Amino acid sequence: MSRMFRSLIWRKSGIMGTLLALGTMTTALAQPVETVLHNFSASMPKGAQPIGALIRDAQGTLYGATESGGRYGNGAIYRVSPAGAIQTLHSFTGGADGSEPFAGVISDASGNLYGTTFLGGSLGKGVVFKLDPTGLETVLWSFTGGSDGGNPNSSLVLDTAGNLYGTTVYGGAENLGVVFKVDTSGNETVLHTFTSGKGGCDPSGALVMDPAGNLYGTTTYCGAPGFGVIFKLDPSGKETVLYAFTGKADGGNPNGALVRDSAGNLYGDTYVLLTLGTVFKLDASGHFTTLHRFSGNAESAPQAVILDAAGNVYGTTAGGNSAGFGTVFRIDTSGNFTTLYSFSGAINGSGPEGLVIDSTGALYGATFTGGRTYSSNNVGNGLIFTLSAAGQESTVASFPGPADGSEPDSGAVLDSGGNLYGVSSGGGLDNQGAVYEITAAGVLKLLHSFTGGADGGSPSGFLTLDSSGNIYGTASSGGSHGWGLVYKLDSTLHEKVLYNFTGGADGGGPVGGVIRDSAGNLYGTTSPDSNDLGVIFKVDTSGNETVLYAFTGGSNGDRPSGGLFRDSAGNVYGATEYGGSSDAGVVFQLTNAGQYNLLHEFSGGNDGGLPTAGVVSDSAGNLYGCTSSGGRTGNGTIFKLAGPNATFSTLFTFGGADGPDCQGVASDSAGSLYGAALGRLSGDGEVFKLDTAGNLTVLHSFRGGADGSRPLAGPTIDAAGNIYGTTALGGAYDSGVAYKVVP
């Protein structure tokens, strides 16, 4: 959506097949309600839809803003290295720090960035903010929407003393906008309040300052005929109208930033729906000249203009060319107009925004949409482009859109406040996976994006939380040796690698996550591939790893792919996917003294086979789990190991053509089990409950659409009996969902 349109709008406007069981299977006549808490999009946390002007530093790094995207979907400030790497400096939460930064940023000599947001702040009316070079934000002023103004829609100007100047669209005496100053202490002063008279109203474009401290700007509306004005504001705040637009050949409704040359001439653009816009010059004596009037055929809807050292004017159009995707143009000092580049709306973008020029004459800008796509909605979220002096266009970087991951295949855990934490094996900043939080209010926060390098990649397994807000987990790849690692995210979201696996005797490729004892030691398993048998490991608080047990295959089992459970005595329990006398997996105990005990060997027959998800325990110390194959029909079982002797029993056997292929279970305080499973024909899966009498109820059958598909991990249960989990596929982007099922 172009700047002008935004300004006008703001002002004017099938249950699975039959299951055979040792107990009884029932299907709820009215299924419990499933809610999709989040749709994972496989995209990266850099923002979406870049907007406003770019700035460029002496090293060639570009800085700008995105209207949406970022970790919280409320926009972001980013930088692009000369090599094209995008880094998010700040993601706006939509709260006190602001939301929707429409106008880009400016910088000072120390590398600090300053800008405005249209929304957010203490009263939702926008903020003036500062970002230090590390991305730390300070809110300098939060607008109230009253006499101080509200909803700033333009970038700022900085004087030599460090004071900031800008405009707001709303607020002031008649709610028609103000010109404001924010000093270095964060105090705001209103320099001018606009009214509905000849002085103009709705100042949407950025200001420009001359050496004497006079400010120049435009208003979109009001003025003598009502089509906006060019104004000057002296240091005392006295306004002088330099020119009033008529809406005819001179254009009307200017809302881009003015630029000023060394001779005091002002340049800008207008956009009136009937005339399709103009580029103008107002010289220092007050003489107004229309440099170009857009026809609407080859070009239309000009955006903010810039000047080069020779006095040539450059700008972009939001529409124009035969397809209407926008252009880059030049008007030379003789008034000759040239279209330098036309956008196609696909890979090379659509809706170009404001430009910046380097010493070679190369132009840089952003497109609001188009570019590379990262999810199945196939809609590009904008790009950064460069246009050489010879007119050669190339894409510097593409924006991916909302911040999250993809294919969350490891389930999630709840904290005491009802917030959900988990990992996605894909997506994130470098498509190497991410750690996420979904708050109790349903807001997704990206806590960490893995690079696939020293910090790890492809995170897996359930997370563990401690009382201080630290998060512990495993990444199955990356690290210093490429064999994965154990990591900690502290309460400030700083990642610390606790241990790097070498792929040797210490194991490699941890996939089950970690558990934590009261002393802070972490326990987990490794199981990289079919050629390695896996280990049980311990990582102490100093980062030292101890192999507690190395699987040998055969009757002792191999490939412990699920998570562990640890009882109050310090004994650890788990399952291996393979091994045992029938190579169908085992359930094991590793005592606190290091003694390995085989609790059950699966036969692959009536007792089941391939227990991929480990085991869970109830308050009495009984163990429960499920198998993904075996049973009387070959479709898996739910089992129990009871008492000190771990007496094995099969609680339920899945059956029928659509047998579930169980992915894990969780128990509640009443002894009922809840699980997630796949359908062998449809593969979309289901969430089920098995009560203490052995009756199984399907709580939700996934349909493979918006509600998700393929739950690849067992669920989590809260105290109220609500069920939480993830699917690896389905949802709005076919990259999985986080779901909640309310019985």
Scan segment 473-507 residue by residue and report those that are in a loop (DSSP other than H, G, I, E, B), of a type outside the set (Asp, Glu) and farther than 14 Å from residue 451 by Cβ.
-> 481, 491, 492, 493, 494, 501, 502, 503, 504, 505, 507
Scope segment 250-264; condition more than 19 Å from residue 214 (Cβ to Cβ) and either surrounded by fewer than 19 Cβ atoms within 10 Å (Cβ to Cβ) or small (Gly, Ala, Ser) (or both); matching residues | 251, 252, 256
Can you tell me which residues in segment 549-572 are touching a Leu at 6+ places or on another chain (Cβ under 8 Å) and farther than 23 Å from residue 471 by Cβ?
-> 549, 550, 551, 552, 553, 555, 556, 557, 558, 559, 571
Hey, does segment 68-79 have a residue that's out of contact with any His (no Cβ under 8 Å at 6 or more places or on another chain) and of a type in the set (A, V, I, L, M)?
-> no
If you go through segment 234-266 one residue at a time, how many are assigned to a loop (DSSP other than H, G, I, E, B) and over 19 Å from residue 177 (Cα atoms)?
-> 9
Condition check for residue 231: of a type in the set (A, V, I, L, M, F, W, C) and within 12 Å of residue 179 (Cα to Cα) | yes
Selected residue (criterion: modelled with the lowest pLDDT) from residues of segment 335-357 that are in contact with a Lys or Arg (Cβ under 8 Å, 6 or more places away or on another chain) and surrounded by fewer than 15 Cβ atoms within 10 Å (Cβ to Cβ) = 347
Among (1) closer than 25 Å to residue 193 by Cβ; (2) outside any loop (DSSP other than H, G, I, E, B), which single condition is residue 269 missing?
-> (1)
Scanning segment 415-466 for residues that are closer than 18 Å to residue 495 by Cβ, in contact with a Lys or Arg (Cβ under 9 Å, 6 or more places away or on another chain) and not in a strand (DSSP E or B) gives 429, 466
Can you confirm whether segment 235-243 contains a residue that is touching a strand residue (DSSP E or B) at 6+ places or on another chain (Cβ under 8 Å), buried (at least 23 other Cβ atoms within 10 Å of the Cβ) and modelled with pLDDT of 90 or more?
-> no
Are any of the residues in segment 508-529 surrounded by fewer than 22 Cβ atoms within 10 Å (Cβ to Cβ), in a loop (DSSP other than H, G, I, E, B) and touching an Asp or Glu at 6+ places or on another chain (Cβ under 7 Å)?
-> yes
Quick one: in segment 713-723, of everything that is more than 16 Å from residue 461 (Cβ to Cβ) and in contact with an Asp or Glu (Cβ under 8 Å, 6 or more places away or on another chain), which residue is surrounded by the fewest Cβ atoms within 10 Å (Cβ to Cβ)?
-> 721
Residue within segment 398-416 that is within 26 Å of the chain's Cα centre (by Cα), modelled with pLDDT of 85 or more and under 21 Å from residue 105 (Cβ atoms) present | no
Checked segment 283-315 for anything touching a Phe, Trp or Tyr at 6+ places or on another chain (Cβ under 6 Å), at pLDDT 90 or above and of a type in the set (S, T, N, Q); matches are 290
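Does segment 119-135 include one or more residues that are in a strand (DSSP E or B) and among the hydroxyl-bearing types (Ser, Thr, Tyr)?
Within segment 119-135, none of the residues are in a strand (DSSP E or B) and among the hydroxyl-bearing types (Ser, Thr, Tyr).
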In segment 157-171, what count of residues is obtained for those that are crowded, with 24+ Cβ neighbours inside 10 Å and not in a strand (DSSP E or B)?
-> 2
Taking strands (runs of 3 or more DSSP E) that do not extend beyond segment 643-743, which have at least 1 residues that are within 31 Å of the chain's Cα centre (by Cα), at pLDDT 85 or above and among the acidic types (Asp, Glu)?
-> 686-690
Any hit, segment 680-690, residues being of a type in the set (Ser, Thr, Tyr) and closer than 22 Å to residue 619 by Cβ = no
Among 52, 60, the single one that is part of a strand (DSSP E or B), more than 25 Å from residue 441 (Cβ to Cβ), at pLDDT below 90 and among the small types (Gly, Ala, Ser) is 52
Kindly check whether there is at least one residue in segment 189-196 that is among the β-branched types (Val, Ile, Thr), outside any loop (DSSP other than H, G, I, E, B), under 35 Å from the mean Cα position of the chain (by Cα) and under 16 Å from residue 215 (Cβ atoms).
-> no
Of (1) buried (at least 24 other Cβ atoms within 10 Å of the Cβ); (2) closer than 20 Å to residue 523 by Cα, residue 424 satisfies all except one. Which?
-> (2)
Of the residues in segment 353-371, those that are touching a Phe, Trp or Tyr at 6+ places or on another chain (Cβ under 8 Å) and more than 10 Å from residue 383 (Cβ to Cβ) come to 353, 355, 356, 357, 358, 363, 364
Please enumerate the residues belonging to segment 224-256 that are of a type in the set (Lys, Arg) and more than 18 Å from residue 204 (Cα to Cα).
-> 238, 248
Restricting attention to segment 620-630, does a residue exist that is assigned to a strand (DSSP E or B) and touching a helix residue (DSSP H, G or I) at 6+ places or on another chain (Cβ under 8 Å)?
-> no
Consider residue 469 carefully, then state whether it is part of a loop (DSSP other than H, G, I, E, B), in contact with a Ser or Thr (Cβ under 8 Å, 6 or more places away or on another chain), farther than 22 Å from residue 613 by Cβ and at pLDDT below 95.
-> yes
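The values are calculated or read from the model by the stated rules, or taken from the named source; none is laboratory data. All values derive from a computational prediction rather than experimental measurement. A quick note on method: Cβ atoms are made from the backbone with ideal geometry, for glycine too, and the neighbour counts reach across all protein chains shown.
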